[in-house]
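Worksheet: the structure to be examined is printed underneath.
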Amino acid sequence: MRKIYVFDTTLRDGEQSPGVNLNTREKLEIAYQLEKLGIDRMEAGFPAASPGDLAAVNAVAKAVKNVTVIGLSRSKEHDIDAVREALIGAQDPCIHIFLATSPIHRKHKLKMEKHEVLETAQSALRYAKKYFSKIEFSLEDAGRTELDFMVEMVSMAVGEGVKVVNIPDTVGYLNPSEYGAIFRHLKENVPDIEKVQLSAHCHNDLGMATANTLAAIQNGADQIEGTINGIGERAGNTAIEEIAMALETRQEFFGAKTSLNLSEISRTSRLVSKLTGMVVPGNKAIVGANAFAHESGIHQDGMLKEKTTYEIMTPETIGLKESKLVLGKHSGRHAFREKLLDMGYELDEQELNQAFARFKELADKKKEVSDDDIMALVEEKLVDTPEVYKLETIYVTYGNRSVPTAKVRIIKGQEQGLEEEAEGNGSVDAIYNAVDKATGEEVTLSDYSIKSVSRGKDAQGEVHVVLTQNDVSAQGRGLSTDILEASARAYVDALNQLIEKRKTFSKRERASL
Ligand code: KIV
Ligand code: ZN
């Protein structure tokens, strides 16, 4: 079996998804989980983009140990220097330098002739070589670049000693046969091509990212780039879980394999969805809620007779297993711990106590606490935001013929409770107006979404909001069996995140004076 290296860019290209804004703690949480998933290379961010990005990449670089950590850089010395700073402390650092090569980008974006593109990239690589032993070079918009110019650019990169050359279909324009042919052409026409690994990086604008990536593998790609759940700019990137499971399920066909721990796929997908606020559609391949559900009578009958009639892979492979232990309000700490272990959560004593207290609260409200409920309550507190504001109580009056009103009591640090009442055009609006009055914060609600974490009328609702204040955005989450309470919690959580971001900015401003 040929090994296919997995380059995960959830924290960089994935974070470029509209509305997604991960803070350092959230990036770290995802990075630890990606390490468990067993990816080979992790693109942690674009350090030159902002001081916050640089700090987050540095935190990831210092935290993960068994993965190559990568920082993205334009072909500019300033960007390369930012990656150098960001990767201090990384066990296995790598810089990813890119420059656009297609005629459209050369003419309109770069305003450069071919020879200038080549020289700019070459001098960036020469500068980077002084500081990095591992370099990946990307030909941005390679998918729309002339084949002979691509050969020239790749030959130059090979000559400069880069380790990986990436061929992105930046705008998701190609078909599998076209994309595969590029890899074949490069293998056949670039001298010393065996000295580098070729990498596939696809976008999903025409829904072909997975097919194109698999075509690249069939034509000699050594590495695939993608994100968890396929998140990313516009229609997203190649979904890593789809490639891993396609190679696993069709081993004889592809003769290639990743070294991912497949049983971590489901957990990684849930975490990325929760922290980015990007809900995974029910019918999404591999990780959608319906990916292993069989609804029609004919299919159910087939499944009961012989699973392989309609199941080409098992839910257990990606870490989905229905635990037999059902918990309710009489369940004790021991049963709860066993259940968590069964579900793959190893919490320390303090985390276990906190989770158990939240479980007891929930069990008082719900007769049967499902696996999904437990996952939600354990994962809710994986990322701890310092709490400036804490929601204490909330009362809402609603009638379809009256103006909704809400009264909230919020605790700020050690101070006394802040109590305010407000009206709104709906219950959630009234709550948010009351919180604004109590905290005195002026924010814009840029996004709000709600989903049920389990089934049934007593299911918990999970709310995700994005708040913006003076060009700074922060997201927050709230979980409760009551969607108004979940909405309030998400809003207060986002306010706390915003305050945390504000502090980081003002510290940096002070430092630069
Ligand atoms: O899609 C793309 O071209 C990219 C490059 C920065 C590699 O993400
Ligand atoms: Zn990309």
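Taken over the range 411-436, the criterion of being open to solvent by less than 90 Å² (accessible area, probe 1.4 Å), in a strand (DSSP E or B) and touching a Ser or Thr at 6+ places or on another chain (Cβ under 8 Å) is satisfied by K412, L418, A422.
Being more than 13 Å from G220 (Cβ to Cβ), of a type in the set (K, R), in the same structural domain as A90 (by TED's automatic domain parsing) and surrounded by fewer than 18 Cβ atoms within 10 Å (Cβ to Cβ) is the requirement here; does K195 meet it? So K195 fits the description; yes. Can you tell me which residues in the range 109-133 are within 20 Å of F149 (Cβ to Cβ), open to solvent by 50 Å² or more (accessible area, probe 1.4 Å) and within 31 Å of the chain's Cα centre (by Cα)? Hit for the range 109-133 is K109, nothing else. Annotation note: of Q223, Q251, the sole residue that is more than 27 Å from S138 (Cα to Cα) and at pLDDT 95 or above is Q251.
Against the numbered list (1) at pLDDT below 95; (2) surrounded by fewer than 20 Cβ atoms within 10 Å (Cβ to Cβ), L22 comes up short only at (2).
Looking across the range 42-59, the residues that are crowded, with 24+ Cβ neighbours inside 10 Å and either outside any helix (DSSP H, G or I) or in contact with a Lys or Arg (Cβ under 6 Å, 6 or more places away or on another chain) (or both) come down to M42, E43, A44, G45, F46, A56.
Going by the conditions given, is S449 touching a residue at least 12 places away in the same chain (Cβ under 8 Å) and polar (S, T, N, Q)?
Numbers: touching a residue at least 12 places away in the same chain (Cβ under 8 Å): yes; polar (S, T, N, Q): yes.
Answer is yes for this residue.
Taking G344 as the residue in question, decide whether it is at pLDDT 90 or above and either surrounded by 14 or more Cβ atoms within 10 Å (Cβ to Cβ) or in the same structural domain as L467 (by TED's automatic domain parsing) (or both). So G344 fails the test.
Residues that are within 24 Å of R184 (Cβ to Cβ) and over 29 Å from the mean Cα position of the chain (by Cα) occur in the range 81-103; there is at least one.
So which residues in the range 297-331 are in a loop (DSSP other than H, G, I, E, B) and in contact with a Leu (Cβ under 8 Å, 6 or more places away or on another chain)?
Taking the range 297-331 first, the residues in a loop (DSSP other than H, G, I, E, B) are 306, 310-314, 319-326, 329-331.
Hit for the range 297-331 is G319, nothing else.
Every listed requirement among (1) of a type outside the set (D, E); (2) in a helix (DSSP H, G or I); (3) closer than 21 Å to T481 by Cα is met by R337 save one, (3).
Of the candidates L247, L214, the single residue that is touching a residue at least 40 places away in the same chain (Cβ under 8 Å), away from ligand 2 (no atom under 16 Å from the Cβ) and buried (at least 24 other Cβ atoms within 10 Å of the Cβ) is L214.
The residues of the range 187-211 that are of a type outside the set (A, V, I, L, M), touching a helix residue (DSSP H, G or I) at 6+ places or on another chain (Cβ under 8 Å) and away from ligand 2 (no atom under 11 Å from the Cβ), listed by number, are K187, N189, P191, D192, K195, T210. Of all residues in the range 1-60, those satisfying the criterion of being closer than 22 Å to T317 by Cβ and within 16 Å of ligand 2 (Cβ to nearest atom) are V6, D8, T10.
Scanning the range 306-326 for residues that are modelled with pLDDT of 80 or more and out of contact with any Gly (no Cβ under 8 Å at 6 or more places or on another chain) yields E306, K307, T308, E311, I312, M313, T314, P315, E316, T317, I318, L320. Suppose the filter is crowded, with 18+ Cβ neighbours inside 10 Å, on the phi < 0 side of the Ramachandran plot and not in a helix (DSSP H, G or I); does V408 pass it? The answer is yes for V408. Of all the criteria given as (1) assigned to a helix (DSSP H, G or I); (2) under 11 Å from the mean Cα position of the chain (by Cα); (3) modelled with pLDDT of 95 or more; (4) within 16 Å of ligand 1 (Cβ to nearest atom), the one not satisfied by L34 is (4).
Just to be sure I understand, how many residues within the range 1-29 are assigned to a loop (DSSP other than H, G, I, E, B), touching a strand residue (DSSP E or B) at 6+ places or on another chain (Cβ under 9 Å) and within 16 Å of ligand 1 (Cβ to nearest atom)? Residues in the range 1-29 being assigned to a loop (DSSP other than H, G, I, E, B), touching a strand residue (DSSP E or B) at 6+ places or on another chain (Cβ under 9 Å) and within 16 Å of ligand 1 (Cβ to nearest atom): 7 in total. Taken over the range 156-186, the criterion of being within 16 Å of ligand 2 (Cβ to nearest atom) and open to solvent by 30 Å² or more (accessible area, probe 1.4 Å) is satisfied by V171, Y173. Considering the range 438-499, the qualifying strands (runs of 3 or more DSSP E), each wholly inside and each with 2 or more residues that are touching a helix residue (DSSP H, G or I) at 6+ places or on another chain (Cβ under 6 Å), run over 461-469, 472-480.
The values are calculated or read from the model by the stated rules, or taken from the named source; none is laboratory data. Everything numeric in this text was worked out from a predicted model, so none of it was measured. Don't worry about glycine lacking a Cβ; one is built from the backbone with ideal geometry, like all the others, and counts go over all protein chains shown. All accessible areas refer to the heavy atoms of the entire protein, side chains included, with ligands and DNA or RNA removed. Shrake-Rupley method; radii C 1.70, N 1.55, O 1.52, S 1.80 Å.
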